[in-house]
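First up is the structure itself, then whatever we jot down about it.
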Ligand code: GNR
Ligand code: NI
């Protein structure tokens, strides 16, 4: 048997680190970022999820990884200092989940399409024009870098209901262990 890989644990809300805006990645951070990114992918694939932001593994840097795995083929994207530079006037609503709110899902409305500028691990700049699930995922990950969770886009009533449901389910899961 292989040794289980040492993966960074994914923080679950409520947690202070999930509410704290992350700082920009600087050139001096790039060695640490190059070590962290593969571990973030491993944690994301294991979960499984389609995106993971550094604050979710308690690292306060503007770094996220995304892989929508279209047709189960891996298409990993590392986003260093991603920024939304254009949003459509049209909005779209889709169900979202979050690895930091395990088992919780809600309809979230956001701009239907976005342009995102970012750098890769070599410092090369890129732009993506995204719509559909990719647009929602990129906005969701950039929100994490600003200390924002998808529940922050819901009414206070829906947010409180979902947070209480999460706390109750976690309490039950711990009691059953
Ligand atoms: O796995 C995830 N699925 C998802 C579905 C709809 C919109 C956004 C996402 S991202 C989420 C993983 C996660 O928590 N990323 O921060
Ligand atoms: Ni999330």
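Read-outs throughout are calculated quantities, based only on the coordinates presented, and are distinct from any laboratory measurement. Computed from a predicted model, the values in this text were never measured in an experiment. Cβ sites come from the backbone with ideal geometry, for glycine too, and all protein chains shown count toward neighbours.
Quickly run through the stretch 143-169 and pick out the residues that are loosely packed, with under 14 Cβ neighbours inside 10 Å and either within 11 Å of ligand 1 (Cβ to nearest atom) or under 18 Å from the mean Cα position of the chain (by Cα) (or both).
Result: 152, single match.
For residue 87, only one of the following conditions fails: (1) farther than 21 Å from residue 8 by Cα; (2) in contact (Cβ under 8 Å) with a residue 60 or more places away in the chain. What is its number?
Status for residue 87: all satisfied but (2).
Out of (1) without any contact (Cβ under 8 Å) to a residue 24 or more places away in the chain; (2) touching a strand residue (DSSP E or B) at 6+ places or on another chain (Cβ under 9 Å), what's the single condition that is false for residue 16?
(2)
Please verify whether the stretch 83-95 includes one or more residues that are away from ligand 1 (no atom under 15 Å from the Cβ) and within 17 Å of the chain's Cα centre (by Cα).
yes
Considering each of 148, 78 in turn, give the residue that is in contact with a helix residue (DSSP H, G or I) (Cβ under 9 Å, 6 or more places away or on another chain), under 29 Å from residue 30 (Cα atoms) and free of Cβ contacts under 8 Å to residues at least 12 places away in the same chain.
Among 148, 78, only 148 is in contact with a helix residue (DSSP H, G or I) (Cβ under 9 Å, 6 or more places away or on another chain), under 29 Å from residue 30 (Cα atoms) and free of Cβ contacts under 8 Å to residues at least 12 places away in the same chain.
Of these, 89, 93, which one is over 14 Å from residue 130 (Cβ atoms), part of a strand (DSSP E or B) and in contact with a strand residue (DSSP E or B) (Cβ under 9 Å, 6 or more places away or on another chain)?
After applying the criteria, what remains is 93.
So for the stretch 38-52 (the condition being assigned to a strand (DSSP E or B) and either within 13 Å of ligand 1 (Cβ to nearest atom) or out of contact with any helix residue (DSSP H, G or I) (no Cβ under 8 Å at 6 or more places or on another chain) (or both)), does at least one residue qualify?
yes
Would you pick out the residues in the stretch 19-48 that are in contact (Cβ under 8 Å) with a residue 60 or more places away in the chain, surrounded by fewer than 17 Cβ atoms within 10 Å (Cβ to Cβ) and closer than 19 Å to residue 147 by Cβ?
19, 20, 21
Among the residues of the stretch 109-142, which ones are surrounded by 19 or more Cβ atoms within 10 Å (Cβ to Cβ) and outside any strand (DSSP E or B)?
Those that are surrounded by 19 or more Cβ atoms within 10 Å (Cβ to Cβ) and outside any strand (DSSP E or B): 134, 135, 136, 137, 138, 139, 140, 141, 142.
Please give the number of the condition residue 102 fails out of (1) outside any helix (DSSP H, G or I); (2) out of contact with any strand residue (DSSP E or B) (no Cβ under 7 Å at 6 or more places or on another chain); (3) under 29 Å from residue 31 (Cα atoms); (4) touching a residue at least 24 places away in the same chain (Cβ under 8 Å).
Of the numbered conditions (1) outside any helix (DSSP H, G or I); (2) out of contact with any strand residue (DSSP E or B) (no Cβ under 7 Å at 6 or more places or on another chain); (3) under 29 Å from residue 31 (Cα atoms); (4) touching a residue at least 24 places away in the same chain (Cβ under 8 Å), the odd one out for residue 102 is (3).
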